[in-house]
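Here's the structure, in structure tokens; my notes come after.
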Amino acid sequence: MSTETALATAKAGEIDDGKDVPNMSLLDITEGDNERGIPKAKFIDDVEAFSSTFEPPASPELLIGACSDLMNKYRNYEAQLQQRQLRLKQKVPELEKSLSLVRTLLEKQGSPDSTTGMARYSLADNIFAQAELDYENNNTVNLWLGANVMLEFTYQEALDFLSQNQERAKKEMEDAISDLAFVRDQIVTSEVTMSRVFNWDVRRKRNTKESTTSS
Amino acid sequence: MLAPDEENNSEVRREDQDNINRFARLNARLHAIRGERQSLQKDLEGLDDASTELMMMGSGADGDKVMLLAGEAFLEVSEEDATEVCEKQVEKLQDQVNSLTEEEEGIVGEQAKLKTILYGRFGKSINLEDK
């Protein structure tokens, strides 16, 4: 289920007992989406005017409740994005390591220094085995594609393949970062809206109390 | 809680909200930069130790058998190759650290500007400090 339908179908405060209690859906306090379907929190210019747009006028408790629901959903999404970003952050250096290995092999092939070389590779955890690498004649590397599949590539094909993967991972990370910033903005906006509604309510109650004590 | 005379009655306008949001974004980016720079500096220290070790090895039979970590395997390389790789890596990381430091300075400057605007609008009603 996409995020926007998940958020839109959640309603706050739906009671049907004959009294006309206003329902506030999350659509009332959000407007539009960003490129990946995350709703944008509505900025309320005038709290009083906004609450009167509902029939009957929305109580502060209802507004604050809706805002805090929205904020919880945003925080969930923020946590998800942070996980994704962490995962990608590990993936990019790994790809970089593989790329640099292939480049080193290519370089050694071209260099006249030595035709073979010794390498120590990881045979199992904490055990390394020695191998003699034929720099001059070898032309291929095997890349692990996941799911117990390994494919043989020439050096150039491997470079292209790994670079492509790296580009894709970097783009995904950029998307995740920009989504994260967007969600944080919406969290700040909803928090500010919540405090403004609260303050407006406090002032209103104070004014009614003053006017009743003075009359 | 603020006393009644300390209360600020200016309404939050859309541009104020945008400024607040921008300040929050810059703050998040600032923390991320500081974390990244710390980890880069740890890497640089490691490389420094490695090049010191290389220099101390001196020439002799050992001069041709430095193990260089490439990917997840070790390749035997000559001392010069290893030193060259170290130096290139140090240069790369140092450039990254420098650009991060520049970015950090830019962010702190912009945050200072936003602080003057927002404190001007809201006085004590808003808190823009880190701790």
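Okay, here's what the table says:
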| read-out | value |
| --- | --- |
| Residue identified as touching a Leu at 6+ places or on another chain (Cβ under 9 Å) and within 11 Å of another protein chain (Cβ to nearest Cβ) among A:Leu133, A:Leu123, A:Leu145, A:Leu159 | A:Leu133 |
| Segment A:172-215 - residue that is more than 30 Å from A:Leu88 (Cα to Cα) and acidic (Asp, Glu) and, of those, surrounded by the fewest Cβ atoms within 10 Å (Cβ to Cβ) | A:Glu210 |
| Among the residues listed as B:Leu93, B:Leu54, B:Leu68, B:Leu26, the single one being within 14 Å of chain A (Cβ to nearest Cβ), closer than 29 Å to A:Ala131 by Cα and either in contact with a helix residue (DSSP H, G or I) (Cβ under 7 Å, 6 or more places away or on another chain) or of a type in the set (Phe, Trp, Tyr) (or both) | B:Leu68 |
| Among residues of segment A:104-120, those that are facing chain B (nearest Cβ under 9 Å) and either in contact with a strand residue (DSSP E or B) (Cβ under 7 Å, 6 or more places away or on another chain) or in a helix (DSSP H, G or I) (or both), counted | 7 |
| Matching option when the condition is assigned to a strand (DSSP E or B) and either without any contact (Cβ under 8 Å) to a residue 12 or more places away in the chain or over 38 Å from the mean Cα position of the chain (by Cα) (or both), among A:Glu157, A:Glu132, A:Glu136 | A:Glu132 |
| Residue match in segment B:105-118 (condition: part of a helix (DSSP H, G or I), closer than 30 Å to A:Asp113 by Cα, within 14 Å of chain A (Cβ to nearest Cβ) and not aromatic (Phe, Trp, Tyr)) | no |
| Enumeration of residues in segment B:1-40 that are within 9 Å of the chain's Cα centre (by Cα) and either modelled with pLDDT under 90 or more than 20 Å from B:Lys113 (Cα to Cα) (or both) | B:Ala32, B:Arg34, B:Gly35, B:Glu36, B:Arg37, B:Gln38, B:Ser39, B:Leu40 |
| Hey, A:Leu143 aliphatic (A, V, I, L, M), in contact (Cβ under 8 Å) with a residue 60 or more places away in the chain and touching a strand residue (DSSP E or B) at 6+ places or on another chain (Cβ under 9 Å) or not | no |
| Residue match in segment B:68-77 (condition: over 30 Å from B:Ala28 (Cα atoms) and loosely packed, with under 15 Cβ neighbours inside 10 Å) | yes |
| Given (1) free of Cβ contacts under 8 Å to residues at least 12 places away in the same chain; (2) within 14 Å of another protein chain (Cβ to nearest Cβ), number of the condition A:Leu99 does not satisfy | (1) |
| A:Ser163 surrounded by fewer than 17 Cβ atoms within 10 Å (Cβ to Cβ) and at pLDDT 90 or above | yes |
| Search result, residues across segment A:26-60 that are within 14 Å of chain B (Cβ to nearest Cβ) and under 18 Å from the mean Cα position of the chain (by Cα) | A:Asn34, A:Lys40, A:Ala41 |
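The values are calculated or read from the model by the stated rules, or taken from the named source; none is laboratory data. Just so we're clear, the structure is a prediction, and the values are computed from it rather than from any experiment. Don't worry about glycine lacking a Cβ; one is built from the backbone with ideal geometry, like all the others, and counts go over all protein chains shown.
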